[in-house]
Amino acid sequence: MSTPLIQISSLMKSYKLGGETVHALNNVSLNIDKGEFLAIIGPSGSGKSTLMNMIGCLDRPDSGEYLLDGKAIGKMNDNDLATIRNQKIGFIFQNFNLLTKLTALENVELPLIYSGVSAKERREMALQSLTKVGLKDRSGHLPTQLSGGQQQRVAIARALVGNPSILLADEPTGALDSKTSAEILQLMQGLNELGHTIILITHDLSIAKQAKRMVRIQDGQLFENEGEQIGNFAIY
C-alpha cells in the first residue's frame with residue numbers, strides 16, 4: 001500500500017480564552033490518501049478551523065505529528081512552511097479573496113509570481129487553469145464584473161494553477177445560493193475525478209455528503225466510525 005499523502009497523529013492544540021483553556025484539538029489522528037475527496041464537518045467552535053489551519057501549514061500543534069508527503073511539518077521553520085503553502089496547497093475560501101483591481105487572469109497568476117515563474121509562462125498556466133474551470137472567456141474581467149459563482153471559479157483556478165498536492169476548501173459554497181453551490185460542488189467533484197486531492201471544510205451535512213469520505217469533528221475530537229451518532233448527526 002502507498003503511504004498516505006497526509007499523516008496526522010495525536011495532534012493537540014489549546015488556546016487561552018480569558019481564564020479558561022480551550023482544547024481546540026484533542027488527540028486528533030487522520031490519514032488522507034492522494035486523490036481523496038474528504039469532507040471535515042463540524043459546528044462553530046468544534047475545532048474544524050484549527051484542524052484546517054494545521055493541514056494548511058498556517059499554524060503549529062502543541063504536540064503530535066503531521067507528515068505531508070512524508071515530511072515532518074512541525075520541524076520546519078516559517079520560510080519552509082511558506083514554501084510548502086505556495087507549492088503544495090491550494091486554498092479556496094468562502095469569500096473568494098480576489099483582488100478587486102486585478103482581472104481574473106491576474107488574480108490566478110498571483111501564486112506564480114511568488115514562485116518566480118516568468119510572465120509568459122504564468123500567463124499560459126493561468127489561462128490553462130481558467131480553462132479547466134470554464135472561465136477562459138472571462139479572463140479579462142474584474143471580480144466586480146463576475147457573478148459569485150464565477151468569482152469562486154476564479155478562486156478555484158488560482159488554487160489549481162501551481163498544481164498543488166492538495167486543494168483545501170474552507171466553506172467554499174458558504175457565500176453562494178443553492179444552485180450555484182451545486183455547480184461549484186460538481187466542479188470540485190470533476191477535479192477530484194481528474195486526480196486532485198480535495199479537503200472540504202464545512203458545517204453543512206448536505207455539502208459534506210457530496211465528498212467521497214466524511215469525518216466529523218466535535219469538541220476537538222475526530223470521529224469516523226460508520227453509523228456513529230455524534231451530536232445531532234449520524235455518519236453513514
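Restricting the first member to the stretch 23-34 and to residues that are touching a residue at least 12 places away in the same chain (Cβ under 8 Å) and on the phi > 0 side of the Ramachandran plot, and the second to residues that are assigned to a loop (DSSP other than H, G, I, E, B) and open to solvent by less than 60 Å² (accessible area, probe 1.4 Å), the beta-carbon pairs closer than 9 Å and six or more apart or on different chains are N27/G220. Somewhere in the stretch 15-33, is a residue under 17 Å from the mean Cα position of the chain (by Cα), small (G, A, S) and open to solvent by 30 Å² or more (accessible area, probe 1.4 Å)? Within the stretch 15-33, none of the residues are under 17 Å from the mean Cα position of the chain (by Cα), small (G, A, S) and open to solvent by 30 Å² or more (accessible area, probe 1.4 Å).
If the condition is being surrounded by fewer than 15 Cβ atoms within 10 Å (Cβ to Cβ) and either touching a Leu at 6+ places or on another chain (Cβ under 8 Å) or without any contact (Cβ under 8 Å) to a residue 12 or more places away in the chain (or both), then the stretch 59-70 contributes only S63. Of S165, S181, all but one fail to be of a type in the set (S, T, Y) and either out of contact with any helix residue (DSSP H, G or I) (no Cβ under 9 Å at 6 or more places or on another chain) or touching a residue at least 60 places away in the same chain (Cβ under 8 Å) (or both); the exception is S165.
Tell me, yes or no, whether the stretch 38-50 has at least one residue that is out of contact with any Lys or Arg (no Cβ under 6 Å at 6 or more places or on another chain), surrounded by 14 or more Cβ atoms within 10 Å (Cβ to Cβ) and modelled with pLDDT of 95 or more. The answer is yes, given that some residue of the stretch 38-50 is out of contact with any Lys or Arg (no Cβ under 6 Å at 6 or more places or on another chain), surrounded by 14 or more Cβ atoms within 10 Å (Cβ to Cβ) and modelled with pLDDT of 95 or more. Residues considered: Q128, Q94, Q150. Of these, the only one that is of a type outside the set (F, W, Y), modelled with pLDDT of 95 or more and open to solvent by 50 Å² or more (accessible area, probe 1.4 Å) is Q128. When the stretch 1-12 is examined, which residues are found to be part of a strand (DSSP E or B) and modelled with pLDDT under 95? None; the set is empty. Is the stretch 140-160 home to any residue that is part of a loop (DSSP other than H, G, I, E, B), touching a Leu at 6+ places or on another chain (Cβ under 8 Å) and under 30 Å from L51 (Cα atoms)? Taking every residue of the stretch 140-160 in turn, none turns out to be part of a loop (DSSP other than H, G, I, E, B), touching a Leu at 6+ places or on another chain (Cβ under 8 Å) and under 30 Å from L51 (Cα atoms). Of the residues making up the stretch 94-113, just one is among the hydroxyl-bearing types (S, T, Y) and either closer than 17 Å to K136 by Cβ or out of contact with any Ser or Thr (no Cβ under 8 Å at 6 or more places or on another chain) (or both), namely T103. Scanning the stretch 99-118 for residues that are part of a helix (DSSP H, G or I) and either open to solvent by 60 Å² or more (accessible area, probe 1.4 Å) or at positive phi (or both) gives E106, I113, Y114.
Please determine whether any residue of the stretch 176-191 is outside any helix (DSSP H, G or I), over 21 Å from N53 (Cβ atoms) and within 14 Å of the chain's Cα centre (by Cα). So that I can check it myself, show each step before the final result.
Just the residues of the stretch 176-191 that are outside any helix (DSSP H, G or I), to begin with: 176-177.
Right, trim to over 21 Å from N53 (Cβ atoms) and you get 176-177.
If we keep only those that are within 14 Å of the chain's Cα centre (by Cα) as well, we get none.
Within the stretch 176-191, none of the residues are outside any helix (DSSP H, G or I), over 21 Å from N53 (Cβ atoms) and within 14 Å of the chain's Cα centre (by Cα).
Set side by side, the residues L81, L105 differ, and just one is within 21 Å of L58 (Cα to Cα) and either free of Cβ contacts under 8 Å to residues at least 60 places away in the same chain or of a type in the set (K, R) (or both), which is L81.
The values are calculated or read from the model by the stated rules, or taken from the named source; none is laboratory data. What you see is a predicted model, and the numbers here were worked out from it, not measured in a lab. Positions of Cβ are backbone-derived with ideal geometry, glycine not excepted, and every protein chain shown enters the neighbour counts. Heads up: the accessible areas ignore ligands, DNA and RNA and are worked out on the full protein's heavy atoms, side chains in. Shrake-Rupley method; radii C 1.70, N 1.55, O 1.52, S 1.80 Å.
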